[in-house]
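Below you'll find the structure, written out as C-alpha cells, and then a few comments.
The values are calculated or read from the model by the stated rules, or taken from the named source; none is laboratory data. What you see is a predicted model; the values in this text were computed from it and never measured. Neighbour counts are summed over all protein chains in view; Cβ atoms, including those assigned to glycine, are modelled from backbone coordinates with ideal geometry. Just so you know, the surface numbers come from the protein's heavy atoms only, side chains and all, with ligands and any DNA or RNA stripped out. Shrake-Rupley method; radii C 1.70, N 1.55, O 1.52, S 1.80 Å.
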Amino acid sequence: MRIDLLSIFPDYFAPLEVSLLGKAGEHGLVDLRIHDLREWTHDRHRSVDDTPYGGGAGMVMMPSVWGEAIDEVFEETGTGGQSDRRVLAIPTPSGVPLTQSMAQDLTNATQLVIACGRYEGIDQRVAEHYREAGFEVLEYSIGDYVLNGGEVAAMVLTEAVARLLDGFMGNPDSLVEESHSGAGLLEYPVFTKPREFRSLEIPGVLLGGNHAAIERWRRDRAIEKTARVRPDLALSLDASSLTREDRAMLARCGVAYPR
C-alpha cells in the first residue's frame, strides 16, 4: 500500500520512520512518501495561502498549489484502473469522525493521499474537484476539537490504517480483542508482573489457570468499562452476538437488551 503525506511541514512526520511502521516500510508492506507542498509553488515567497473570499479572519490554502501537488502524486501510481482504489483524505474538524471500521476499510486502498491543511483550511474546491473527477475523497476528523494543522490527524490515520494491514503486526491476534475491534467493546484491563504493586494485587481469577473463567472475567470487565466510559457503544452492540451472560452483565451496568 502506498501512503503519500502532503504538508508544508514535512519534517513533522519523522516519527513515522520508527517502530513497526518503519519496519513495515523496510519490508515493502507500506510505501510511505512524504512531500513538501511548497515544492509546487511558483513565486519567490513559495506562497500556499491567500485571504478568504467574503472576508473573515485567517488565511485559506490555495487550490492551485494543492491541485498540482495532488495530480502529481496520483499520477505516479499509474492510470488508476478499475482495480485501483485511490483515496484523497483531508483532515478537518468539520469532517466525519474517524473510526476503526473506516481504518479497516481503507486497508483495501491502493494509494492513500493525505492532504494536511493549515490556517483556515484548504479551499473547498479541492475536495469537490477530486470527488467529481472520480476519486474517493474522505474529509475526516479525529475528535471534537481543533488543531493547528492536519499533520497530527494525518499521522493518526496513517498508523490506524497501516497497523491493520496483513503482516504488519507480529502477532495478529493482538488486534482481535483490542478496543473498537469487531466485538464493539472497549478492551478489558491488562496486568503483568509483579503480582503486587503498591498494595494492589492481580485479580485472583487471572492466576488460577481456568481459561474459561478468565475469558468470562475479561468479557465482563470489557462490558463494564464500555458501559461506564462509552455508554453509546454499549447501546449499539450487535444483539445477536450477546450471550445470556453478556446480557446479565449489561443489565447490572444499567444497559438492557431484549432477550
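Structure notes:
- Taking Cα centre as origin and charging only the Cβ of basic (Lys, Arg, +1) and acidic (Asp, Glu, -1) residues, the dipole magnitude of the chain rounds to 1460 debye.
- Each pair of Cα atoms in region 103-256 enters the Kirkwood radius, and Stokes-Einstein at 37 °C and 0.692 mPa s then converts it into a translational diffusion coefficient of 171 µm²/s.
- In Å², nearest 10: area of LYS23 left accessible to a 1.4 Å probe: 110
- Table column - 3J(HN,Hα) (Hz), region 191-198, Karplus curve with 6.51, -1.76, 1.60, x for Gly and Pro: 9, 8, 5, x, 5, 10, 10, 6
- Projecting the alpha carbon convex hull of the chain along each direction and taking the average yields 19.5 nm².
- In this structure region 1-160 gives 53 Å² per residue of accessible area when probed at 1.4 Å with all protein chains present.
- By the Kirkwood approach, averaging reciprocal distances over each pair of separate Cα atoms, region 6-71 gets a hydrodynamic radius of 14.1 Å.
- Share of Cα-Cα pairs in region 1-155 lying beyond 27 Å, as whole percent: 20
- Apolar share of the accessible surface for the chain: 51 percent from carbon plus sulfur atoms, 1.4 Å probe.
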